[in-house]
1. Could you grab me the full set of residues in the range A:263-284 that are facing another protein chain (nearest Cβ under 10 Å), among the polar types (S, T, N, Q) and over 29 Å from residue B:146 (Cα atoms)?
2. Between B:137, B:148, B:203, which is of a type in the set (A, V, I, L, M) and in contact with a His (Cβ under 8 Å, 6 or more places away or on another chain)?
3. Any idea which of A:125, A:137 is within 14 Å of chain B (Cβ to nearest Cβ), within 28 Å of residue B:211 (Cα to Cα), of a type outside the set (Ser, Thr, Tyr) and surrounded by fewer than 20 Cβ atoms within 10 Å (Cβ to Cβ)?
4. Take the residues of the range A:249-262 that are touching a Gly at 6+ places or on another chain (Cβ under 9 Å) and more than 8 Å from chain B (Cβ to nearest Cβ): which is least open to solvent (accessible area, probe 1.4 Å)?
5. Which residues, counting only those in the range A:122-142, are of a type in the set (Gly, Ala, Ser), part of a helix (DSSP H, G or I) and under 22 Å from the mean Cα position of the chain (by Cα)?
6. Check A:216, A:231 and return the single one that is surrounded by fewer than 21 Cβ atoms within 10 Å (Cβ to Cβ), at pLDDT 90 or above and among the aromatic types (Phe, Trp, Tyr).
7. What number of residues in the range B:215-240 are open to solvent by 40 Å² or more (accessible area, probe 1.4 Å) and at the interface with chain A (Cβ under 10 Å from one of its Cβ atoms)?
8. Where residues in the range B:97-120 are closer than 16 Å to residue A:46 by Cβ and more than 22 Å from the chain's Cα centre (by Cα), which of them is farthest from the other protein chains (Cβ to nearest Cβ)?
Amino acid sequence: MTHLVIEEGAPTRGRTFFTFPLKSYLPALPLLLVVGYFFLFPITKLIYVSFLSNENTLTLGNFVTAFKDPYKTGFINSIKIGLFSAAIAALPGAFAAYFIETRGSSKLRRTIAVMNGVLANTGGVPLAFMFFAAIGVQGQITKILKVLGWDIYAGQFSLGTFTGLLIVYLYFQLPLMIIIFSPAIVALRREWVEAAYNLGANQFNYWRTVGIPLLFPSFVASFLLLFASGFSAYATANALTVGNLPLTPLQIGGLLDGNVSASQLNLGKALSSVMILISALAIIPYLIIQRRSARWQKR
Amino acid sequence: MKFKRNLPLILTLTLFGFFVFVPMISAFEYSIRTPLEGGYGWKHYIWAVTQDDFVYYIMRSGWLAFLTVLITLLILVPTITWLHLSQSPLRVLIDAISLLPLVIPVVAFAVGAQISLPEFVQSTILELPFLYFVLCLPYAYRSLDIGLSAIPLKTLTEAARSSGANPIRTINSVIVPAIRGSVMATVAITFVLSLGEYTLTVLLHWDTFPTWVTFVAQENILGAIAISMMSLIIPFLILTGITLALPERSNQGRK
């Protein structure tokens, strides 16, 4: 009797509890395993450990230290360099993207796209060399400007200062802006310009009521991404500064390598967690805006 | 008339070109200096490529990048194809996960990897392709996702299946050729990003081509500048080659 009941119950149970999840989740397993193990697990553990004291008890002490000097200055500098480099690169980059996408030939656009792809990823020592060669103490531009009567090294300037770093960051921020803002320009349809002109608008009216309102969200989104890129850049800052400019990524690197000793073992993790939070505050709105504007950008 | 219309473009390109090429040319000028003899020559380039380490590190970075490309394609192509076909509830989740690496600064990711991955993973350089895979995921996923949205995937798969192809064969000989533009773009971005990755590599104490340049800079600065120039030109050539091999502005990515 019991035997019979079990035999009858088996298929239903199998379908509801076993077959269904397997069939609908199994093909995603390799991706989920790799991303889970090499990405989600480390990040989760990082955030968890940032709340641990040296004795492995839960504490907020690491964060208290993270918001005191010199780490406070590090955050302020990093946020400042992210904001400034994004603010300086955003408008020129947007205009460059507009002129290249609307006036350039297909060949030119593709060449520039490739070039920007490479430029947006330059950083570290190679980028530092380029700027040492151009506006370093013995740089070509420095010499030319000196002949013209402007010694850029007369004051406080050096490439390892905030201003120096800002100029160097523009080298990858500007191409990055062109890359991420171009799709919005491409999606502006000719018909809209024509429709506006047919309704009696002039160029100014078109931009005020159609062009700018359409592009503005993408512009803000691009600005946010640029901020995150400048805020978290490590390689270039590491190559240019010699510990004279406190920046959070460098401080984390120093703590990780043990170059800098801190009484709190998990301070570096707390700094990293705060970085993730700040970066998320910029990137998540960026992703949301991108997704929304993708709707009208589709043809 | 034509000139007047093109004036803003010419102006843009001049300014942008000036900003991009002046530092590049300045560095190039340094790299061909021969201070001892005076004048110019290819001495430092020859010095660089004849270093044993040059070949060693370029091969090392090359095969790490190759492995990253392999992992990316092997994992992503079948998974995204399946997500498109099955209407699985997981798609929303995986879409979101694929963008997550953009949110995490690489420095923070490096710290996380260092404290959480076990000894046997961290003692082999083979951890790098998997970590690079994560860094490239947002770009690779997006590119393949757009490619797969642009083809009649269901029709193609059904046709292949009813002609007797198994899933692997369907992917290899039907789907991949249909989205070759996206696949090539994915290969390009993944390869170039992994080849030039510095932050994660150096913080996890591995030596690859980009970190080796830092080391060379301490003993032969002009040689290091020569290597840096090459490290800019090599990705440029790879990307240009792949872009030119693709059909011009194909209808991929647009329905």
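1. If the condition is that a residue be facing another protein chain (nearest Cβ under 10 Å), among the polar types (S, T, N, Q) and over 29 Å from residue B:146 (Cα atoms), then A:266, A:272, A:273 are the ones that fit.
2. On the way: B:137 fails: in contact with a His (Cβ under 8 Å, 6 or more places away or on another chain); B:203 fails: in contact with a His (Cβ under 8 Å, 6 or more places away or on another chain).
None of the others qualify; the one that does is B:148.
3. A:137
4. The extreme case among them is A:254.
5. A:124, A:128, listed by residue number.
6. A:216
7. To start, the set of residues in the range B:215-240 that are open to solvent by 40 Å² or more (accessible area, probe 1.4 Å) comprises B:215, B:218-219, B:221, B:233-234, B:236-238.
Filter once more, keeping what is at the interface with chain A (Cβ under 10 Å from one of its Cβ atoms): B:215, B:221, B:233-234, B:236-238.
The number of residues fulfilling the criteria is 7.
8. Within the range B:97-120, the match that is farthest from the other protein chains (Cβ to nearest Cβ) is B:118.
The values are calculated or read from the model by the stated rules, or taken from the named source; none is laboratory data. A quick note: this is a predicted structure, and the numbers were derived from the prediction, not measured. Cβ coordinates were reconstructed from backbone atoms using ideal geometry, including for glycine residues, and neighbour counts include every protein chain displayed. Side chains included, ligands, DNA and RNA excluded: accessible areas come from the protein's heavy atoms. Shrake-Rupley method; radii C 1.70, N 1.55, O 1.52, S 1.80 Å.
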